[in-house]
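A quick write-up on the structure given underneath.
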2 protein chains.
Amino acid sequence: MDGGSFLQQKSDPSMVDIAMIEAARVRLGGRARRTPLLSSPFLDEIAGRRLFVKAECLQHSGSFKFRGGWSAVSALEPSVRARGVIAFSSGNHAQGVALAARLHGIPAVIVMPTDAPRLKIANTRAFGAEVVLYDRIKEDRDEIGARLSKERGLTLIKPFDEPQVIAGQGTTGLEIAEQAAEEGIEVASVLVPCGGGGLTSGIALALESRAPSFKVRPCEPENFDDTTRSLASGKIERNAALQGSICDAIITPQPGNITFPILKRLCGAGLVVTDEEAQKAMALAFTRLKIVVEPGGAVALAAALFHGKDIDGDVVIAVTSGGNVDTEVFEAALSRR
Amino acid sequence: MDGGSFLQQKSDPSMVDIAMIEAARVRLGGRARRTPLLSSPFLDEIAGRRLFVKAECLQHSGSFKFRGGWSAVSALEPSVRARGVIAFSSGNHAQGVALAARLHGIPAVIVMPTDAPRLKIANTRAFGAEVVLYDRIKEDRDEIGARLSKERGLTLIKPFDEPQVIAGQGTTGLEIAEQAAEEGIEVASVLVPCGGGGLTSGIALALESRAPSFKVRPCEPENFDDTTRSLASGKIERNAALQGSICDAIITPQPGNITFPILKRLCGAGLVVTDEEAQKAMALAFTRLKIVVEPGGAVALAAALFHGKDIDGDVVIAVTSGGNVDTEVFEAALSRR
């Protein structure tokens, strides 16, 4: 039996639903951190409305990816899981899967691009995973992953186009709905950093059931706005390049085959920010919220702060999806203030 | 009636008790943030035991001081409160009181030293307070405060030696007890950054009732270890100097007349760290927890990480009490890694 086929049995977008997100939450209970919803009157003033930040950078492994990693690993049939898992990732999915595997006591192989942030490579190794580096331009990570998966009987945990991963990320949306209710928020725009769309589609599905008056808006960096263009044209569009942004965490070739139909059905138009706006958002998160956000994790906050004219309503909730940033990249952002 | 006398009626240490802390929590309900208890396997490894961080740097106004500020302001009789409040502070108490006053819609005057961090002065003004600067060496802040208080009928909110302030800070201890129980922790050393002792005594009082097997340890910077020496000698000892540490938030002349008897009755020995250890703790909090901690707010984490041989037990909980740090001070800490 090919372990990789286990999770891939469910490839129909309609297979991800609120029941699957609720089930993921049960499996994540006591493992994932309920990250806080932060705010600052200074940020409200810049945004021109009430702004709340769902600080997923404070999640275990430094990003929301731990939710999806744990959800997928914990959903595996025990004998399949015992053989181990494999993932390819520029870093946050790598760390999320590596930590989930370690906590399950199973081996993990992570295929990472050579130009991934050093901190992310080092952390993935420190979580006990075997890291296999590849050249993002010359080599095909899918081919490498498939070969290793077959050779060792490892189950491939895809970074976003996988129902159990989407369900895990969707638990973020359950928390947003609850925390917004605690704050008395009835209507909100929910801005989410969007790479392949796993977090965005998971949150959109959760809010469809738990806070249907909330509208999810995917956020992307300039020149890597595949989801924004795909939503505008109604079909999957690709990015022209795969490098050239500081937002490494959310640079993907195109939206997923499972995530895109969900995004198309539930989300509002995409929002696109510059690298400089992402840096300014990082600096403001440092000064006003006391959290560390990486560039890709800051694009939704940047959209909330600097693209208010394209956002509806009196309340915006921005997800800061990760904080795994090298020191010099962080310092460059602080100097943008 | 002198507004300043209102809060000062209760100057007996025995007047601060768990009932007063519980009452402060009721008044703070929906206002103070329940800050998360964070952790990282990387920090556990350095500490040599399980390490949890109570991230009060994520509190409103960027430090725990909002709790005490709100507690004191909300406890005032309405007609007294309406005339306004005054506080003297190098920064965090200033911001906490200023924000509490703004949210109550009353005026606030804050007397700050000229060498306070720029961010703290700017934020205090941005919260709507009137800032009066004074020379820490040449002028007497108590005299300035007393004069302004009398002239304008303002109530003085002392930074730590005030029962309602201690009660507000003590709500941090109630949360620690609850969050530790959620993590299954039955015995722990609780390390708290200690200036005048408001936070430390408040937490110690809360834990005395809610988690009596927890032992509170005050933490201080080298050369400003007045509380550590006072606990050792059994009587209040003064610091020789009032400047010369990067830990501005917790540099006070001596423990308070109300706080010290509480510390003496309930706390274990003090722990003393170097400025460099505080900086390294800031850098590790950045890398591993994704939070921004200021030097004075990092001394307890530094003690947990680097003075493990002086700490008992398998679990340590360190409070990171504030995150209001200027960019260059933060960058200097990151370069210590």
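A:Val132 label point (Cα plus 7 Å toward Cβ) to equivalent points in the other copies: 7.0 nm, shortest first.
Per the Debye formula on identical point scatterers at the alpha carbon atoms of region A:66-156, with no solvent, log10 I(q)/I(0) at q = 0.15 Å⁻¹ is -0.48.
Carbon-plus-sulfur fraction of the accessible area of the protein assembly as shown, 1.4 Å probe, in percent? Please report the intermediate quantities before stating the final value.
Values: 11490 of 23290 Å².
Using a 1.4 Å probe with all protein chains present, the protein assembly as shown comes out at 49 percent carbon and sulfur.
A convex hull fitted to the Cα coordinates of region B:1-143 yields 163 cubic angstrom per residue. Within the protein assembly as shown, the proportion of C-alpha pairs whose separation exceeds 34 Å stands at 44%.
What share of Cα pairs, in percent, lie more than 37 angstrom apart in chain A? The calculated P(r) of chain A puts 9 percent of pairs beyond 37 Å. Annotation for region A:104-162 versus region A:58-101: alpha-carbon center distance of 11 Å. Here the Karplus relation 6.51 cos²θ - 1.76 cosθ + 1.60, evaluated at θ = phi - 60°, turns the backbone of region A:245-255 into coupling constants of 10, 6, 8, 3, 5, 10, 8, 10, x, 6, x Hz, with x for every Gly and Pro.
Per-residue Karplus couplings for region A:107-119, computed as 6.51 cos²θ - 1.76 cosθ + 1.60 with θ equal to phi - 60°, are listed in order as x, 9, 10, 10, 9, 10, x, 4, 9, 5, x, 4, 4 Hz, Gly and Pro entered as x. Annotation: per residue accessible area for chain A equals 35 Å², rounded to a whole number [probe 1.4 Å, protein chains only].
Kindly work out what percent of the DSSP beta bridges joining two residues of chain B are antiparallel, to the nearest 5.
Values: 3 of 32 bridges.
Antiparallel bridges: around 10 percent, rounded to the nearest 5.
Here the Gaussian network model covers chain B, with springs between Cα atoms less than 10 Å apart; of B:Thr320, B:Thr287, B:Thr171, B:Thr287 fluctuates the most.
Association of chains B and A removes close to 2500 square angstrom of accessible area from solvent, both sides included, for a probe radius of 1.4 Å. Interface residues of region B:289-334, defined as those losing at least 20 Å² of solvent-accessible heavy-atom surface relative to the isolated chain (probe radius 1.4 Å), are listed as B:Lys290, B:Val292, B:Thr327, B:Phe330, B:Glu331, B:Leu334. The length gained on full extension between B:Glu178 and B:Glu328, counted as 0.36 nm times the residue separation minus their Cα-Cα distance, comes to 50.4 nm.
Considering only DSSP states other than H, G, I, E and B, which trypsin sites (Lys or Arg not before Pro) in region A:86-127 qualify as loop sites with at most 15 other Cβ atoms within 10 Å? Numbers along the way, then the final one.
On the way: sites: A:Arg102, A:Arg118, A:Lys120, A:Arg125; in loops: none.
Qualifying residues, ordered by number: none.
Among the listed pairs B:Lys138/B:Lys235; A:Lys120/A:Lys158; A:Lys65/A:Lys150; A:Lys264/B:Lys290; A:Lys54/A:Lys280, a Cα-Cα separation exceeding 22 Å is found for B:Lys138/B:Lys235; A:Lys65/A:Lys150; A:Lys264/B:Lys290. Residues of region B:26-45 that bury at least 20 Å² of accessible area once all protein chains are present, compared with their chain alone (1.4 Å probe, heavy atoms only, ligands and nucleic acids left out), are B:Arg33, B:Pro36, B:Leu38, B:Ser39, B:Pro41, B:Phe42.
The values are calculated or read from the model by the stated rules, or taken from the named source; none is laboratory data. Note that the coordinates shown come from a computational prediction; the quantities given were computed from them, not determined experimentally. Using ideal geometry, Cβ is built from the backbone for each residue, glycine included, and neighbour counts are taken over all protein chains shown. The protein model used for the area step is the full one, side chains on, heavy atoms only, and it has no ligands, DNA or RNA in it. Shrake-Rupley method; radii C 1.70, N 1.55, O 1.52, S 1.80 Å.
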